[in-house]
């Protein structure tokens, strides 16, 4: 499936525009100069019109189309263009503030966005192929979908096979997700099924949002609240789906965005009754792979840049403390795992470090009972 109407020959152009009405943009149109450009079209019968930076505004008949196409050309309706701009920053930057429904066909305000769209044409084609072919259901994603209560990441003092697999899957997933162009928003709707905090988690989140800071016994232990339930692979619209998947990865959300030492912290929260620390580590590494790289760093900057200093983000896992031997052993082995040189190296390739912390509630207030910042 393609979200773009591709045109390779003049015959295909004639057939396409003969069946359409209304406002469109055609990329890779060619006039006598043979220089490809984007033009604005108003398709109607019997007379149509176009606007180009080189030719100005002109009317024409479908029987005598005054331009040809350089293969591959792209024909976009204004609604299709709006869908692209809603999801991808490079299209929104090209379109800018121009509303073609309000700008006349012969207005020179068409020039700049048309030129920018022409420059972005091959990025449109590349992004369309990514939506079709990128294997977003990575091994790390499929492992996450099993929702194990815990993972045995260490055997004695050495990394287990499960631990090695986790790091290998994290590396492979990051290589996949960094190819995604900069996305625009983080959230599609208020109510989400995946990534819900649950009743206890919601109570903590509401307290944290009001208190603004979660503190611990040490002076440097603490997180500041910024936002919650942000979707790393957020794409809106039924036509903007990842096709090589069985689940809808767009629905995944990261529990919390916090601040530590002035830097962003992507945070997974686990309350009593949920999975344990090792499983939460797998989950935050999946989300970390999805937000790694300069493209999504640009998205974070555009939405929350005023909240942070310049610097690399962190990952974090917060778990509600509990007096359970198996839970405590899982926390301890997860902590030993992230301190191993191989784990630190894998995480620090993309992040400043990782935080593991336990939290405790008392009379409606919360605080950090144990804190580890590994960098």
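Considering only residues that are out of contact with any strand residue (DSSP E or B) (no Cβ under 7 Å at 6 or more places or on another chain), surrounded by 14 or more Cβ atoms within 10 Å (Cβ to Cβ) and farther than 24 Å from residue 297 by Cα, which ones fall in region 330-350?
Residue satisfying the conditions is 330 alone.
Quick check on region 131-152. Is at least one of its residues closer than 19 Å to residue 75 by Cβ and not in a loop (DSSP other than H, G, I, E, B)?
The answer is yes, given that some residue of region 131-152 is closer than 19 Å to residue 75 by Cβ and not in a loop (DSSP other than H, G, I, E, B).
Would you check which residues across region 90-110 are part of a helix (DSSP H, G or I), touching a helix residue (DSSP H, G or I) at 6+ places or on another chain (Cβ under 7 Å) and either in contact (Cβ under 8 Å) with a residue 60 or more places away in the chain or over 25 Å from residue 234 (Cβ atoms) (or both) and list them?
Within region 90-110, 90, 92 qualify.
How many of the residues in region 163-184 are assigned to a helix (DSSP H, G or I) and surrounded by 18 or more Cβ atoms within 10 Å (Cβ to Cβ)?
Of the residues in that region, 9 qualify.
Just checking: which of the strands (runs of 3 or more DSSP E) contained wholly in region 1-60 hold 1 or more residues that are within 17 Å of residue 105 (Cα to Cα), without any contact (Cβ under 8 Å) to a residue 40 or more places away in the chain and touching a helix residue (DSSP H, G or I) at 6+ places or on another chain (Cβ under 8 Å)?
Correct list: 37-43, 47-52.
Taking the options 257, 318, 269, 281, name whichever one is within 23 Å of residue 136 (Cα to Cα), in the same structural domain as residue 142 (by TED's automatic domain parsing) and part of a strand (DSSP E or B).
Residue meeting the stated conditions: 257.
Let's see how each residue does on (1) touching a residue at least 12 places away in the same chain (Cβ under 8 Å); (2) closer than 16 Å to residue 265 by Cα; (3) assigned to a helix (DSSP H, G or I):
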| residue | (1), (2), (3) |
| --- | --- |
| 301 | no, yes, yes |
| 304 | yes, yes, yes |
| 329 | no, no, yes |
| 346 | yes, no, yes |
| 369 | yes, no, no |
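Each row is one residue, and each column tells you yes or no for (1) loosely packed, with under 15 Cβ neighbours inside 10 Å; (2) under 35 Å from the mean Cα position of the chain (by Cα); (3) in the same structural domain as residue 185 (by TED's automatic domain parsing); (4) modelled with pLDDT of 95 or more.
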| site | (1), (2), (3), (4) |
| --- | --- |
| 17 | no, yes, no, no |
| 36 | no, yes, no, yes |
| 39 | no, yes, no, yes |
| 42 | no, yes, no, no |
| 52 | no, yes, no, no |
| 64 | yes, no, no, no |
| 82 | no, yes, no, no |
| 88 | no, yes, no, yes |
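Picking from 244, 275, which residue would you name as being in contact (Cβ under 8 Å) with a residue 24 or more places away in the chain, assigned to a loop (DSSP other than H, G, I, E, B), surrounded by fewer than 23 Cβ atoms within 10 Å (Cβ to Cβ) and out of contact with any helix residue (DSSP H, G or I) (no Cβ under 7 Å at 6 or more places or on another chain)?
Result: 275 is the single residue among 244, 275 that is in contact (Cβ under 8 Å) with a residue 24 or more places away in the chain, assigned to a loop (DSSP other than H, G, I, E, B), surrounded by fewer than 23 Cβ atoms within 10 Å (Cβ to Cβ) and out of contact with any helix residue (DSSP H, G or I) (no Cβ under 7 Å at 6 or more places or on another chain).
Residues of region 211-239 being part of a loop (DSSP other than H, G, I, E, B), surrounded by 15 or more Cβ atoms within 10 Å (Cβ to Cβ) and in contact with a strand residue (DSSP E or B) (Cβ under 9 Å, 6 or more places away or on another chain), which ones?
216, 221, 231, 232, 233, 234, 235, listed by residue number.
Can you tell me which condition residue 105 does not meet? The list is (1) farther than 30 Å from residue 328 by Cα; (2) under 27 Å from the mean Cα position of the chain (by Cα); (3) surrounded by 15 or more Cβ atoms within 10 Å (Cβ to Cβ), and all the others hold.
Of the numbered conditions (1) farther than 30 Å from residue 328 by Cα; (2) under 27 Å from the mean Cα position of the chain (by Cα); (3) surrounded by 15 or more Cβ atoms within 10 Å (Cβ to Cβ), the odd one out for residue 105 is (2).
The values are calculated or read from the model by the stated rules, or taken from the named source; none is laboratory data. Just so it is clear, the structure is predicted and the values come from calculations on it, not from any experiment. Cβ sites come from the backbone with ideal geometry, for glycine too, and all protein chains shown count toward neighbours.
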